[in-house]
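Taking it in order: structure first as structure tokens, then the write-up.
We did not get these values from a lab; they are worked out from the coordinates using the rules stated. As the structure is a prediction and not an experimental result, all values here were calculated from the model. Here Cβ is always computed from backbone atoms with ideal geometry, including for glycine, and neighbour counts include all displayed protein chains.
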Amino acid sequence: MIVRHGAPLREQAVEEIRAHIVDGTYLPGVRLKEKDLCETYEVSRTVIRETLRQLESERLVRIEPNVGPIVCVLSRSEVKDLYQTREILEATAARLAASAASAAQVLELEGICDEIALADHADLQRLIVMKNRFYDALMAASGNKVIAEMLQNIQARISQLRRLTLGSPGRHEQTVQELAKVVQAIKDRDADAAFGATVAHVKSAAEIAMRHFDGTPLLPGAFAHSTTSTKEIP
């Protein structure tokens, strides 16, 4: 159910369903039935159809002929392209932050990095929330809103793979070390070092994602190469 507020109903529905795709409530390959969505979010079919068209434009949902809307399943080439694009954008944001970040913004990045270091590595949802806070702080420190918007969509599309990479053995400790290098470079106002440290961080995540994508999927059927899975909403 949507808790109605000042924003248009369609916008609220987009935010809710997008969030449920990102957090894994609706897994890749799951069929999104309009009737069920109307009942779940207590909105009209018109609102749901407009919402699904918006999510299709964000490549989070695919409308399959004779099947209907399903949550997108990423292909291997899409995963590779998304991580390559994330690498360029995120590293550029770090480079900008090294020049533009205020002292308060640097302290915020350090604080979040410390929280991630102390977090339970088994609590993947909490880790993702904290990492999202780190990226939000990094984007704010960069001062570039366009990069922030582009990265938000990329992070949404690779959300299930992010759970996979963070849950890999030793990845939590490695992530903490990588982020600490990014923050230190920003603190030192070393733009090249900030760029390089961020590239290394994203490449590490991409290598894990691609390795698992080629082998064991994150969840049963979640990353099958076919995009025509018709599992129903649970």
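Descriptive notes on the structure:
- Considering only Pro69, Pro28, Pro169, the Gaussian network model of the chain with Cα springs below 10 Å gives its largest mean-square fluctuation to Pro169.
- Each stretch of four or more DSSP H residues adds -39500 (n - 2.57); spread over every residue of the chain, this sum gives -22000 deg cm²/dmol at 222 nm.
- Cleavage-rule hits (GluC sites (Glu not before Pro)) in region 64-133: DSSP loop, at most 12 neighbouring Cβ within 10 angstrom: none
- Whether region 9-72 is rounded, prolate or oblate, judged on the alpha carbon gyration tensor where a/c under 1.5 counts as rounded: rounded
- The count of lysine pairs in the chain with alpha-carbon distances below 23 Å, taking only pairs 8 or more places apart or on different chains, stands at 11.
- Cα gyration tensor, region 1-127 - rounded (a/c under 1.5), prolate or oblate: prolate
- Between Asp192 and Ala122, residue separation times 0.36 nm minus the direct Cα-Cα distance comes to 21.9 nm.
- The magnitude of the dipole of the chain, with charges of +1 and -1 set on the Cβ of Lys/Arg and Asp/Glu and taken from the Cα centre, is near 540 debye.
- Glu64 long-range amide H proximity, modeled H, under 5 Å: Ile70
- Overall form of the chain per C-alpha gyration tensor (a/c, 1.5; a/b vs b/c): prolate
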